[in-house]
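Here the structure is laid out as structure tokens; the discussion comes afterwards.
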Amino acid sequence: TFDVEFFVNETRKSRGEVLELMSGTGRVSIPLLEAGVRLTCVDLSAQSNAILREKLRQKGLQAEVYDMDICDLDLGKKFDMIIIPFHSFAHITSPEDRRKALERIHRHLSPGGIFICTLGNPMLRKQAINGQMRLIRTYPLDDGGNLLLWTLEDFSPEDAQVVEALQFYEEYDANGVLRSKRFIELRFRLSGKEEFEELVKAAGFKVKAFYGDYACADFNEESSPFMIWILEHAG
């Protein structure tokens, strides 16, 4: 998918073990392992981790997988590189939890090690948040059916930087008949460049590189879809 090649290229630069946080069911983890990256995975969801472990078993891949909240991260070892793909850090919405998570990440990174954190560009994301249902993407299925992903997003009444969202998944067969429907609730925080940079510097990181997309283009607040932070343990 759109960011996997970027993470494969970046993690291959690491001479030691890589820690993937908020790894989910292995969308990025599996390609990294297949590329020869030595990887440890952490996610809060035991269900997601169970799916990842089964994928590893089926593919004959090896990785340690931990059920753990990154705000309480405690693995007793350090890593040369830590990554959080798919803008997942944004789902930590509490300022205190964000501070705790960054401090724990810094503690698990070797001196001079690299932390890669990706976020959406809040300037562009805000334009799509209007309290209206919209279709995000249609995914073709192997049997000729389709999976439709819809989202409904609005700003939290308690905090204008926090977005409350519902994601709906509709699965249709090859004849267009609805087979299943489910939804999940999400919350995420839109952090601007200055806010996040202040947070990471307070946690002991320095900015090594900062991109606006996965082709490593310079960040432009008005047009870049993402904020891709390459951060270094400041020692």
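Which of (1) in contact (Cβ under 8 Å) with a residue 60 or more places away in the chain; (2) surrounded by fewer than 21 Cβ atoms within 10 Å (Cβ to Cβ) is the odd one out, the single condition Ile84 does not satisfy?
Unmet for Ile84, out of (1) in contact (Cβ under 8 Å) with a residue 60 or more places away in the chain; (2) surrounded by fewer than 21 Cβ atoms within 10 Å (Cβ to Cβ): (2).
Return the residues of region 109-140 that are within 18 Å of the chain's Cα centre (by Cα) and either part of a loop (DSSP other than H, G, I, E, B) or over 24 Å from Glu194 (Cβ atoms) (or both); say none if nothing qualifies.
Correct list: Asn121, Ile136.
Could you run through region 51-102 and say how many residues are in contact with a strand residue (DSSP E or B) (Cβ under 8 Å, 6 or more places away or on another chain), polar (S, T, N, Q) and in a helix (DSSP H, G or I)? Even if it seems obvious, please write down each step before you answer.
Quick first cut of region 51-102, residues in contact with a strand residue (DSSP E or B) (Cβ under 8 Å, 6 or more places away or on another chain) only: 52-53, 56, 63-68, 70, 73, 75, 78-93, 98, 102.
Pick out the ones that are also polar (S, T, N, Q) and you get 88, 93.
The next check asks that each one be in a helix (DSSP H, G or I); those that pass are 88.
Number satisfying all stated conditions: 1.
Which of (1) surrounded by fewer than 16 Cβ atoms within 10 Å (Cβ to Cβ); (2) in contact with a strand residue (DSSP E or B) (Cβ under 9 Å, 6 or more places away or on another chain) is the odd one out, the single condition Gly145 does not satisfy?
(1)
Restricted to region 6-38, and to residues that are among the β-branched types (Val, Ile, Thr) and not in a helix (DSSP H, G or I), which residue is surrounded by the fewest Cβ atoms within 10 Å (Cβ to Cβ)? Lay out the reasoning, then the answer.
Applying the first criterion (among the β-branched types (Val, Ile, Thr)) to region 6-38 yields 8, 11, 18, 25, 28, 30, 37.
With the extra rule that they be not in a helix (DSSP H, G or I), the set shrinks to 18, 25, 28, 37.
Numbers: Val18: 27, Thr25: 17, Val28: 23, Val37: 21.
Going through the qualifying residues, I end up with Thr25.
One residue is enough: does region 212-223 have a residue meeting the conditions touching a Gly at 6+ places or on another chain (Cβ under 8 Å) and either charged (D, E, K, R) or at pLDDT below 95 (or both)?
First, the residues of region 212-223 that are touching a Gly at 6+ places or on another chain (Cβ under 8 Å): 218-220, 223.
This time we only want the ones that are either charged (D, E, K, R) or at pLDDT below 95 (or both), so: 218.
Looking for residues that are touching a Gly at 6+ places or on another chain (Cβ under 8 Å) and either charged (D, E, K, R) or at pLDDT below 95 (or both), one finds at least one in region 212-223, hence yes.
Considering (1) farther than 20 Å from Phe86 by Cα; (2) in contact (Cβ under 8 Å) with a residue 24 or more places away in the chain; (3) assigned by TED's automatic domain parsing to the domain that holds Thr93, say which one Asp143 fails and leave the rest.
Asp143 satisfies all of (1) farther than 20 Å from Phe86 by Cα; (2) in contact (Cβ under 8 Å) with a residue 24 or more places away in the chain; (3) assigned by TED's automatic domain parsing to the domain that holds Thr93 except (3).
The values are calculated or read from the model by the stated rules, or taken from the named source; none is laboratory data. No experiment lies behind these values; they were computed from the predicted model shown. Neighbour counts are summed over all protein chains in view; Cβ atoms, including those assigned to glycine, are modelled from backbone coordinates with ideal geometry.
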